[in-house]
1. Looking at (1) in contact with a Gly (Cβ under 9 Å, 6 or more places away or on another chain); (2) part of a strand (DSSP E or B), which is the one condition that is false for Val67?
2. Within segment 31-67, track down each residue that is among the acidic types (Asp, Glu) and either surrounded by 14 or more Cβ atoms within 10 Å (Cβ to Cβ) or more than 22 Å from Met81 (Cβ to Cβ) (or both).
3. How many residues are in a loop (DSSP other than H, G, I, E, B) and under 15 Å from the mean Cα position of the chain (by Cα) if we restrict to segment 28-61?
4. Report, by residue number, each residue of segment 89-104 that is in contact (Cβ under 8 Å) with a residue 40 or more places away in the chain, in a loop (DSSP other than H, G, I, E, B) and surrounded by fewer than 19 Cβ atoms within 10 Å (Cβ to Cβ).
5. Based on what the data block shows, is Val34 of a type in the set (Val, Ile, Thr) and under 21 Å from Glu162 (Cα atoms)?
6. Do any residues in segment 1-12 that are hydroxyl-bearing (Ser, Thr, Tyr) have Cβ atoms under 8 Å from those of residues that are at pLDDT 75 or above and surrounded by 16 or more Cβ atoms within 10 Å (Cβ to Cβ), where the two are at least six apart or on different chains, and which pairs are they?
7. Out of Ile22, Ile73, which single residue is at pLDDT below 90 and touching a strand residue (DSSP E or B) at 6+ places or on another chain (Cβ under 6 Å)?
8. Residues being closer than 18 Å to Glu152 by Cα and not in a helix (DSSP H, G or I): count how many of those fall in segment 1-23.
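The values are calculated or read from the model by the stated rules, or taken from the named source; none is laboratory data. Note that the coordinates shown come from a computational prediction; the quantities given were computed from them, not determined experimentally. So basically every Cβ, Gly included, is an ideal-geometry build from the backbone, and we count neighbours across all protein chains shown.
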Amino acid sequence: MWNLERLEQSLPDLLAEKLVTIAQLSKSGEIQQVNRAWRRFGLANGLRLFGAGVGENYFQFSLPDQVEAFTRIVTGDQDEMTLLYPCHSPPQVRWMLMVAAPLELRAGTGLIIVHVDVTEEVEKWFSPCLLFSEPLHISEGSGARPLLRVLEFAVSSAIGMERVRTFWERAGHSDPADGPEAAGRLRPRRR
């Protein structure tokens, strides 16, 4: 299991004031764990699933093309998926940026899903007609504005760093910062 709090803390300051919800999924889509923000957001928005959805299948709440993309990520046929989608509620217009990536770089592992509230950026940069549109796949060249690309990169980078930390810890090292020193001890010494 990933350390979702550490992943959240590794997100850059650019995202510090934003709602960031995170879920770890099995390769079949079962929600294995979620962060506190996910739980709070769910409660505030009427989520009626026990445990904030942990144990439920995330894919059953997703559109068919999203499930296909998640499956391609799990099988290693796609690196990640980024999607800008509407997440409106009766009193509020809200837009979320979702980044889905594999837990590990090898095929057959689960997914990490990060959602970031980007309503402010969407309202500032996009046409008002977007308020009624379908989700936009940012990674498919949808004409996303530079700031959304920066946010996408920030989330993807944090996911990559957490992937390295998790791998490092599984290798028996308590502090990923010890990596270069430990790696140096494995190399032959020069005379």
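1. (2)
2. We begin by selecting, within segment 31-67, every residue among the acidic types (Asp, Glu); these are 56, 65.
Across segment 31-67, the qualifying residue is only Glu56.
3. So the first thing to find is which residues in segment 28-61 are in a loop (DSSP other than H, G, I, E, B), and the list is 28-29, 35, 45-49, 54-56.
Adding the requirement that they be under 15 Å from the mean Cα position of the chain (by Cα) leaves 29, 35.
Number satisfying all stated conditions: 2.
4. Selection gives Glu104 alone.
5. Numbers: of a type in the set (Val, Ile, Thr): yes; under 21 Å from Glu162 (Cα atoms): yes.
Here the answer is yes, as Val34 does meet what is asked.
6. Pairs found: Ser10/Glu162.
7. Details: Ile73 fails: at pLDDT below 90.
Going through Ile22, Ile73 in turn, just one is at pLDDT below 90 and touching a strand residue (DSSP E or B) at 6+ places or on another chain (Cβ under 6 Å): Ile22.
8. 10
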